[in-house]
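The values are calculated or read from the model by the stated rules, or taken from the named source; none is laboratory data. Just so we're clear, the structure is a prediction, and the values are computed from it rather than from any experiment. Neighbour counts are summed over all protein chains in view; Cβ atoms, including those assigned to glycine, are modelled from backbone coordinates with ideal geometry. Protein only, heavy atoms only, side chains kept; ligands, DNA and RNA dropped before computing areas. Shrake-Rupley method; radii C 1.70, N 1.55, O 1.52, S 1.80 Å.
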Amino acid sequence: MTIRPGVLSYRGGVSAAAMHAHHSVQVLVARRGQFIVSDTGGAQVACRSVVIPADVDHAVLQGVEEGEMVHLAAESEDGVEVSRMVLRPRSAVAWAEAGDALMSGLGDDEWWADGLPYVRSTVRPMRHPALSSALCLLPELIAAGPVRLREVACAVGLSESRLSHLFSEEIGLAFRPYVRWLRMSRAIDEIALGRNLADSAHAAGFFDGAHFTRVCNKTFGMSPAVLIEEMAFTVDS
């Protein structure tokens with residue numbers, strides 16, 4: 001599993017899941033077999049790929065032995081663009097239609113997430129040095145607790161509005177969700193290194209393990225415990 005601000009990407013077996021929702025856009029791609037997904041209306045669709053918009057209830061009735069699962073921040077450029085492909089957000093048929101569109105340009109040996117700006121090694125260059133400075137500061141600041149745009153902007157010599165604009169324009173993710181995803185990335189990094197849930201949460205600036213669990217559940221539809229149990233970690237923050 002790879003996680004960085006704006007994207008969580010996992011490759012391997014993808015399990016079935018009961019009806020749930022998450023505040024991220026989910027892309028599922030099967031390398032072997034087919035998914036069966038269901039919406040709240042009871043429609044069930046067998047498909048190789050789906051796009052499930054953020055905050056929409058859905059169930060994965062059948063997983064696959066080998067596949068790809070990607071969660072995109074709903075507020076990110078990638079998340080917004082992919083969500084627009086789903087013409088009827090609460091329809092399992094529409095999820096599969098959007099998935100088919102994604103698969104149309106994907107080669108047999110290619111992983112869908114490799115084409116995302118957040119995942120590619122050649123991420124878009126930073127055009128403003130103050131933004132680069134802010135990105136270097138944030139990993140140090142998150143462990144201390146709340147991170148305020150005003151304080152970061154002051155530290156790098158910009159106004160709040162200018163720094164906020166730079167995050168949206170050049171990172172593709174606004175300041176506040178960027179910090180939230182950075183915290184989750186840091187906490188998961190600490191777990192991967194063998195620390196317990198509470199210590200990992202504190203290291204990332206969450207109030208406690210319960211706070212981290214709530215944020216993780218809301219964003220990905222699963223708890224840190226499930227992530228730890230079912231997924232191997234390759235943290236890239």
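Determine the principal axes of the Cα atoms in region 58-98, then give the extent along each, sorted from largest to smallest and rounded to whole angstroms.
30, 20, 15
At 222 nm, what value in deg cm²/dmol follows for the chain if DSSP H runs of at least 4 each add -39500 (n - 2.57) and the sum is divided by all its residues, to the nearest 500?
-11500 deg cm²/dmol
How much length is gained if the chain between Arg176 and Asn217 is pulled fully straight, taking 0.36 nm per residue apart and subtracting their Cα-Cα distance, in nm to one decimal? Don't skip to the end; give the middle numbers.
Working: separation 41, 0.36 × 41 = 14.76 nm, distance 1.80 nm.
Result for the pair: 13.0 nm of gain on full extension.
Could you check which residue among Gly33, Gly115, Gly107 shows the biggest mean-square fluctuation in a GNM of the chain with a 10 Å Cα cutoff?
Highest fluctuation among the options: Gly107.
I'd like the carbon and sulfur percentage of the solvent accessible area for the chain, probe radius 1.4 Å, heavy atoms only, ligands and nucleic acids excluded.
51 percent
Please work out the average accessible area per residue across region 1-132, using the 1.4 Å probe convention, and give it in Å². Before the final figure, lay out each step's value.
Values: 5850 Å² over 132 residues.
Here the residues of region 1-132 average 44 Å² of exposed surface.
Pull out a ≥ b ≥ c, the square roots of the eigenvalues of the alpha-carbon gyration tensor of region 1-60, then state rounded if a/c is under 1.5, prolate if not and a/b is larger than b/c, and oblate in the remaining case.
Oblate, since a/c reaches 1.5 and b/c is not below a/b.
Mind running the shape call on the chain? Use the C-alpha gyration tensor, a ≥ b ≥ c as the square roots of the eigenvalues: rounded below 1.5 for a/c, prolate if a/b tops b/c, oblate otherwise.
It is prolate, given that a/c is not under 1.5 and a/b is the larger ratio.
Of the residues Ser200, Ser168, Ser49, which exhibits the maximal mean-square fluctuation in a Gaussian network model of the chain defined by a 10 Å Cα contact cut-off?
Among Ser200, Ser168, Ser49, the largest GNM mean-square fluctuation belongs to Ser168.
Can you give the Rg and Dmax of region 1-138 based on its C-alpha atoms, in angstrom?
15.6, 51
What is the spin-label model distance, in nm, from Asp108 to Val93 if the labels are put 7 Å beyond Cα along the C-beta direction?
According to this spin-label approximation, the distance is 3.2 nm.
What accessible area per residue comes out for region 150-237, rounded to a whole number of Å², with a 1.4 Å probe?
I get 48 Å² per residue for this part.
Remind me, what semi-axes does region 121-221 give for its equivalent ellipsoid, largest first in whole Å, using sqrt of 5 times each Cα gyration tensor eigenvalue?
Ellipsoid semi-axes (Å, largest first): 26, 14, 12.
I want to check the label-to-label distance for Cys136 and Ala101. Put each point 7 Å from Cα in the C-beta direction and report it in nm to one decimal.
Modelled inter-label distance: 4.1 nm.
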